[in-house]
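To start, the structure under review is shown below, and the notes come after it.
The values are calculated or read from the model by the stated rules, or taken from the named source; none is laboratory data. All values reported here derive from a predicted model rather than from experimental measurement. Reconstructed Cβ throughout: ideal geometry from the backbone, glycine too, with neighbour counts over all protein chains shown. Heavy atoms of the whole protein, side chains included, go into the accessibility calculation; ligands, DNA and RNA do not. Shrake-Rupley method; radii C 1.70, N 1.55, O 1.52, S 1.80 Å.
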Protein chains: 2
Amino acid sequence: MKQIIDQSQKRVKADFIIQHAQIADVFNLRWRQGDVVVANGKIIAVSEPGEFEAEQVIDASGKYIVPGFIDAHIHIESSMLVPKQFNRIVLPHGVTAVVTDPHEIANVSGKAGLEFMLQDIEDVEMDIYFMLPSSVPGTSFENAGAVLTAKDLKEFIGHKNVLGLAEVMDFPAVLNGEKEMLAKLKLAQEYGMVIDGHCAGLTSSQIRGYRAAGISTDHECVTAEEALDRVEQGMYVLIREGSAAKNLKAILPAVTMANARRFAFCTDDKHLDELMEQGSINYAVALAIAEGMDPLMAIQLASLNVAECYRLKNKGAVATGYDADFIVVEDLQTMKALAVWKNGRKVAENGEMLSPAPEKCIVETSILQSMHLPELTVEDLRLPFTGNRANVMKIVPNQLITNRVEMEVDVANGHFVPSIEKDLLKLTVVERHHHVGTKAVAIVHGIGIQSGAVATTISHDSHNAIAVGTNDEDILIALKALQEIQGGLVVVNEGEVTASLSLPIAGLMTDISAEQAKQKLEKLHEGLHTIHPTLDYHLFLTLSFLALPVIPDIKITDTGLFDVIKFEHIPVEIINADE
Amino acid sequence: MKQIIDQSQKRVKADFIIQHAQIADVFNLRWRQGDVVVANGKIIAVSEPGEFEAEQVIDASGKYIVPGFIDAHIHIESSMLVPKQFNRIVLPHGVTAVVTDPHEIANVSGKAGLEFMLQDIEDVEMDIYFMLPSSVPGTSFENAGAVLTAKDLKEFIGHKNVLGLAEVMDFPAVLNGEKEMLAKLKLAQEYGMVIDGHCAGLTSSQIRGYRAAGISTDHECVTAEEALDRVEQGMYVLIREGSAAKNLKAILPAVTMANARRFAFCTDDKHLDELMEQGSINYAVALAIAEGMDPLMAIQLASLNVAECYRLKNKGAVATGYDADFIVVEDLQTMKALAVWKNGRKVAENGEMLSPAPEKCIVETSILQSMHLPELTVEDLRLPFTGNRANVMKIVPNQLITNRVEMEVDVANGHFVPSIEKDLLKLTVVERHHHVGTKAVAIVHGIGIQSGAVATTISHDSHNAIAVGTNDEDILIALKALQEIQGGLVVVNEGEVTASLSLPIAGLMTDISAEQAKQKLEKLHEGLHTIHPTLDYHLFLTLSFLALPVIPDIKITDTGLFDVIKFEHIPVEIINADE
């Protein structure tokens, strides 16, 4: 501190000065012409030109300096990258901090998963803050890899990067005041931590229950009306623009000069390829500007507001005393980062990291060996039928929801037979965490593959193995391949694995670099196109939500076909024609 | 929590509803028509009329409900009341929380003083938050009652009402990075606490040093330019409107819709009588509105913004999930509180507290017996002179500053003789804390009393005994009386104490009620008028700053006359005629 004070008072040279820039003043929503002076990782002055001396002087005439962007809510696992690698693709876009909910790995590996994530950020340039997963397992209608109780979560409080309790999704548990849920909420309150909400479709009246429970954010708003309701009720609204959910355009009309401080941006889930190509929050800022928002206000939502919401001290502004986390941009429309500075160090330039690729991460064996599929035979995949009418799951491409439809299906020798013509394929979920031995088989309509099978361990939220195929043999090969590569994504055609991406870290994340993973994903895409020549939706994404039993209409978990509307298991075959 | 959730979901009746009010929405700066529903001390809904059931329903047609006001910076001791009693005069005005710096009692009683203040808030209705005094003693040029080191302060961290480090005043110590000051700043940073500034007259460049030290507020701005400079540099500006300093009108032009979130209101010092008659932050809000500020914005500065600045969770808004701290007002111009609700309980109505007067507070003996004046004789007050030229302290009525003037004074038998005609009186400061035995005598111009003497132990920041008089005998009587009443305010005329107010708690605060104290203050005022028939300034206030050696031009401490410009002691007599 002594040295920074000395430097601020010009008794000691500063580290560097970026001169002649337009500097975003997120406190006044104005541009300031001047120099940014940095020392010891801190901004020590936004000064008149020539006022300071420094070891290094950089000219930024004609350019803008804006605070590093902060993602208010993300699940890093959705990028399939470990934090160390995620850092390398997001930071060059000017995203210098994220608040992540390690909910996916927690569902597979529990505490060991959280420990891994916290350990993996240790030498990472960007700031990665954590919210402690509040809903592991997601529901009691399936077998996940782990259970996290309030007592388990407590062990992580006190870590400097842990900010609070992650998105509270189990709204019946909150609104009914269920004991274990209250224990987690009380724990967070006791330590004065932030509690994130997940208020998808909740009514204004239900939000009251969330507020009574101390929940203070929502990233699930899809309309401006919902957003205003949340703000009126004292919540922060995290405007989401990710790979699956894109809510920015709908919510933006809710933001005014008077209430802007209660809004921020987040991605929630964003995939590797889109993160590499578009970035994350920089993209939301550019989109908001394209939609007519004042650039300074958009920048403020992406910086100061997140910092206030999560109480990130000295983050979110290019101003004296703040951490030197900022971006140099030339074009406010694209918000493309020419250079990214983190803690006073230039870490990326023209979209590339300046540091060498990191060592492979060290991962505990239990996380690296999370696959425990049973040996399966075609017997295990049989779906016995006495008639031919079935509850069929009809997918909605790229969406989380499904429809329940009643259809006549092909039956031979008392068993369901998939039909490529009718697009009625076999879908299976197999428990893969603890040799529980549970599995379920159902019929799905709308997948559209013409041959072969696909399988993955990215299967929200329990992340059991899920596979869909035109025939039992290829499904079995796909599952076997999944076991061999310790989880990931697999495409099988005519008895052979044609493409795969191993995700050995909990069956969710790769241990290779983003570039390598991207190449493998392209191969997978080719493999998919071979078995589905007219593919025009994100098959793996859609598949990954078919086992999430909190989203209507019907889903499949390792314990059977599940009617989300009735909130109970249902049989595949419809026996009673009156039903 | 379970019960509040049940009440929020209407499964259990709420406690009460205030119906048909206009409710201030400080998030959107809008008025909302509706009902405020309260349960268990929390606002569980701002609802449509008739939506909830409650034990009690109160009609507020034609009235406004606004959040309880929060004073961002005050020294409670300046009211001469202990927190328990202070609460009773401020809360009825709608001020439901204050952030206090117990700097005065700390200078007298050190840790015991802080402990007393923290203990005295225990059954108090309003929220009283503390900042830990950073500058005890104020300077090294005087003997205060205590020293508070970083180690001492550390003991108070963790108390739920302790928010941070109080106004850092010793700017040379900060800007030079002095060790003990850095230790306090680091301590506060280590615990993620707020650090208040005191940036009177600091240049924009000096503010950089304050920011480098992690200081994030300033309540000493006197111009809009200064205020904007602080905001640009990442500070909160606490707009002060107190008894002595009145900065609101000057700063208000700096506040815009874009930057309003970085402004709040404070009083710093406000006296008993003014607190009783005007209130505190309610007065600032009304004044801001009179000056043309949107009432909702003025309310926001007085509530949400302070809560954000000091991270007061669930404070500062009338919204779901917030603490039920609010005021019912009828007239937005006067902001007069018809009723005040705190934690869901009506605590005041029409300017009166509803609870009975509290028990007398329990105070440790060391605090109750803080007076240790030596036995003095006229010998002790002698000011020897060889010539007749003197450095005279010329007061500026009601101001903290003084002027140094060189004057010819009356001398008899080699000693200074006070002159009522020339208004050249004798001024003395006597150490009163630890029998150090130090005392100083000087000459003051401008006090204007025609006979007698006055004395007080309210004497910033060391709070030694200070007395001024027309003759030695009355000064001695005044000091003796101060000793007898264990500190306070004394007026003496013609050998007799004509009025006094005992402030037995550290010589700063009374243990009687505000009403009783006010009566005694009126008597003192009469006493003053007897010895100064044309009195038109606040004599005791002015006197109380004559021993504060950080304010120009010259001051007197127990160690002698002090030239603040030269920052050194100077003699009273000017010996060398060339000087």
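Of all residues in region A:432-457, those that are more than 15 Å from A:GLY487 (Cα to Cα) have Cβ atoms under 7 Å from Cβ atoms of residues that are open to solvent by 10 Å² or more (accessible area, probe 1.4 Å) and basic (Lys, Arg), 6 or more apart or on another chain, in A:HIS445/A:LYS394; A:GLY446/A:LYS394.
When each of B:ASN388, B:ASN398 is tested for being farther than 25 Å from B:HIS75 by Cβ and surrounded by fewer than 21 Cβ atoms within 10 Å (Cβ to Cβ), the lone residue that passes is B:ASN388. Looking only at region B:130-147, filter to residues that are closer than 21 Å to B:THR438 by Cα and open to solvent by less than 40 Å² (accessible area, probe 1.4 Å); which one of those is farthest from the chain's Cα centre (by Cα)? Selected residue: B:GLU142. Restricting the first member to region A:465-480 and to residues that are more than 11 Å from A:PRO418 (Cα to Cα), and the second to residues that are open to solvent by 30 Å² or more (accessible area, probe 1.4 Å), the beta-carbon pairs closer than 6 Å and six or more apart or on different chains are A:LEU476/A:LEU376. Checking each residue in region A:265-299 for being in contact with an Asp or Glu (Cβ under 7 Å, 6 or more places away or on another chain) and more than 21 Å from A:ALA24 (Cβ to Cβ) picks out only A:THR267.
Which residue is farthest from B:SER140 (Cα to Cα), if the candidates are limited to region B:177-188 and must be more than 8 Å from chain A (Cβ to nearest Cβ) and open to solvent by 10 Å² or more (accessible area, probe 1.4 Å)?
B:LEU187
Within region B:170-202, being closer than 16 Å to A:ASN314 by Cβ and part of a loop (DSSP other than H, G, I, E, B) holds for B:TYR191, B:GLY192, B:MET193. Among the residues of region B:481-492, those that are surrounded by fewer than 23 Cβ atoms within 10 Å (Cβ to Cβ), out of contact with any strand residue (DSSP E or B) (no Cβ under 6 Å at 6 or more places or on another chain) and touching a residue at least 12 places away in the same chain (Cβ under 8 Å) comprise B:GLN483, B:GLN486. If the condition is being within 14 Å of chain B (Cβ to nearest Cβ) and part of a strand (DSSP E or B), then region A:225-263 contributes A:TYR236, A:VAL237, A:PHE263. Just checking, does region A:214-222 include any residue being small (Gly, Ala, Ser) and either within 11 Å of another protein chain (Cβ to nearest Cβ) or touching a Leu at 6+ places or on another chain (Cβ under 7 Å) (or both)? Yes.
Every residue in region A:449-469 that is in contact with a Pro (Cβ under 9 Å, 6 or more places away or on another chain), open to solvent by less than 10 Å² (accessible area, probe 1.4 Å) and farther than 13 Å from A:LEU546 by Cβ, please.
If the condition is that a residue be in contact with a Pro (Cβ under 9 Å, 6 or more places away or on another chain), open to solvent by less than 10 Å² (accessible area, probe 1.4 Å) and farther than 13 Å from A:LEU546 by Cβ, then A:GLY469 is the only one that fits.
From the list B:PHE567, B:PHE540, the one residue that fits, being open to solvent by 10 Å² or more (accessible area, probe 1.4 Å), of a type in the set (Phe, Trp, Tyr) and either over 21 Å from B:LYS426 (Cβ atoms) or over 26 Å from the mean Cα position of the chain (by Cα) (or both), is B:PHE567. Is there a residue in region A:292-299 that is open to solvent by 10 Å² or more (accessible area, probe 1.4 Å), within 10 Å of chain B (Cβ to nearest Cβ) and touching a helix residue (DSSP H, G or I) at 6+ places or on another chain (Cβ under 7 Å)? Yes. Can we say B:LEU165 is more than 10 Å from chain A (Cβ to nearest Cβ), in a loop (DSSP other than H, G, I, E, B) and open to solvent by less than 20 Å² (accessible area, probe 1.4 Å)? No. Within the option set A:ALA200, A:ALA250, being modelled with pLDDT under 95 and open to solvent by 30 Å² or more (accessible area, probe 1.4 Å) holds for one residue only, A:ALA200.
As a summary of the residue check, B:GLU55 satisfies the conditions (1) within 16 Å of B:VAL12 (Cα to Cα); (2) within 14 Å of chain A (Cβ to nearest Cβ) except for the one numbered (2).
The strands (runs of 3 or more DSSP E) located wholly in region A:428-546 that include 2 or more residues which are more than 26 Å from A:ASN143 (Cα to Cα) and β-branched (Val, Ile, Thr) occupy A:496-502.
Per the listing B:ARG345, B:ARG382, B:ARG311, the residue uniquely open to solvent by 20 Å² or more (accessible area, probe 1.4 Å), within 14 Å of chain A (Cβ to nearest Cβ) and more than 26 Å from B:SER243 (Cα to Cα) is B:ARG311.
A single member of A:GLY68, A:GLY41, A:GLY62 is at positive phi and more than 14 Å from chain B (Cβ to nearest Cβ), and it is A:GLY62. Inclusion of A:ASP229 among residues that are of a type in the set (Asp, Glu), under 23 Å from A:PHE263 (Cβ atoms), open to solvent by less than 30 Å² (accessible area, probe 1.4 Å) and within 19 Å of the chain's Cα centre (by Cα) is not warranted. Looking only at region A:1-31, which residues are in contact with a strand residue (DSSP E or B) (Cβ under 8 Å, 6 or more places away or on another chain), of a type outside the set (S, T, N, Q), more than 7 Å from chain B (Cβ to nearest Cβ) and farther than 25 Å from B:MET181 by Cβ? Answer for region A:1-31, where residues must be in contact with a strand residue (DSSP E or B) (Cβ under 8 Å, 6 or more places away or on another chain), of a type outside the set (S, T, N, Q), more than 7 Å from chain B (Cβ to nearest Cβ) and farther than 25 Å from B:MET181 by Cβ: A:PHE16, A:ILE17, A:ILE18, A:HIS20, A:ALA21, A:ILE23, A:ALA24, A:VAL26, A:TRP31. Note on region A:382-397: residues that are assigned to a strand (DSSP E or B) and closer than 19 Å to A:GLY446 by Cβ amount to 7.
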